[in-house]
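A.B. asks: Please see the structure below; I have some questions.
The values are calculated or read from the model by the stated rules, or taken from the named source; none is laboratory data. Remember, it's a predicted structure, so these values are computed and weren't measured experimentally. Here the Cβ positions follow ideal geometry from the backbone for every residue, glycine too, while neighbour counts run over all protein chains shown. All accessible areas refer to the heavy atoms of the entire protein, side chains included, with ligands and DNA or RNA removed. Shrake-Rupley method; radii C 1.70, N 1.55, O 1.52, S 1.80 Å.
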Amino acid sequence: LWADAEKWYGIADKSKDRLPPDYAKVIAQNLARVRLQTGTGDMGAAYWLERLGASTTDPEFEGAVVALGKIVGGGKPNRETVAQLQKIHDQYPPESPRHYSAGAVLLQMMAAQDDMTGAQKLSGKLATDFSAREKTFAAKTWGTTVAPAIVNYYKGESERRLGNFADALGAYETVLAAYPFNEWPDAAACGAAECYVALGDTKTALEKLGEVVKTGAANPASAKWMELAKKRITELSGGK
């Protein structure tokens, strides 16, 4: 059914000028949603990037940010998409929550491409800029809650993968203490555990992993971290 929907929306998209205006204006959105759902083509990346423009409402912007995050999870971002997102991110000043929302997704894309040096540089700047302005953001939006969680997680992840374990731990602990949103505390706890393993402290690593298992999170994003934590506990416990 999804394949049929994509087919017919694709055909309609090419003939929008012959369709009733009210129907024509939702074709691109429906096609992008179907491609995101099915993981086909670019998963609607071009459409979602357009929705990050300055003229969109905050709900539209945040919906596009979430969609782009799902594209990263599907392993789909390409260099062109990353370059376009970089331009969009640069258009928003650090005083805007959108700066951190776009930056958070950009970090996810950098990590997906194994650009840890780039992620280290960007996450460090984003974390510093956000910390300096956090009290000026009155509204609790995706950009002021989930975005800093992602930023600090990837700050930890990039530092860890570059061998800077103490700096990585600081970033992971920031997520756990200050931005416990969505799956990111589970991700940060798993990252922190790997730092302790690298530093020779298996006991603390097991404690961190145990915290993830105890959360019992049912959503798919957190579930993958729970499964990883269970696997690592078994491995670090000698298969017990």
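A.B. asks: Which value in nm describes the separation of the simple spin-label points at Ala46 and Lys87, placed 7 Å from the Cα toward the beta carbon?
C.D. replies: Result for the modelled spin labels: 1.4 nm.
A.B. asks: Run the dipole for region 78-160 about the Cα centre, Lys and Arg Cβ at +1, Asp and Glu Cβ at -1, nothing else charged, and hand back the magnitude in debye, nearest 20. Before the final figure, lay out the partial values.
C.D. replies: Numbers: 10 positive and 9 negative charges, 42 e Å.
Dipole about the Cα centre, nearest 20: 200 debye.
A.B. asks: Would you tell me the accessible area of Lys87, worked out with a 1.4 angstrom probe on the heavy atoms of the protein chains, in Å² to the nearest 10?
C.D. replies: Result for Lys87: roughly 140 Å² accessible.
A.B. asks: Could I ask something else about it? Kindly flag which residue pairs out of Lys125/Lys203; Lys155/Lys224; Lys135/Lys155; Lys121/Lys208; Lys155/Lys231; Lys87/Lys140 have an alpha-carbon separation exceeding 29 Å in this structure. Each step should come with its number before you reach the end.
C.D. replies: Working: Lys125/Lys203 33 Å; Lys155/Lys224 20 Å; Lys135/Lys155 21 Å; Lys121/Lys208 27 Å; Lys155/Lys231 24 Å; Lys87/Lys140 25 Å.
Beyond 29 Å: Lys125/Lys203.
A.B. asks: Let me spell out the model: positive unit charges on the Cβ of Lys and Arg, negative unit charges on the Cβ of Asp and Glu, origin at the Cα centre of region 139-240. What dipole size does that give, in debye rounded to 20? Walk me through the numbers on the way to the answer.
C.D. replies: Values: 12 positive and 12 negative charges, 43 e Å.
Dipole magnitude for region 139-240 comes out near 200 debye.
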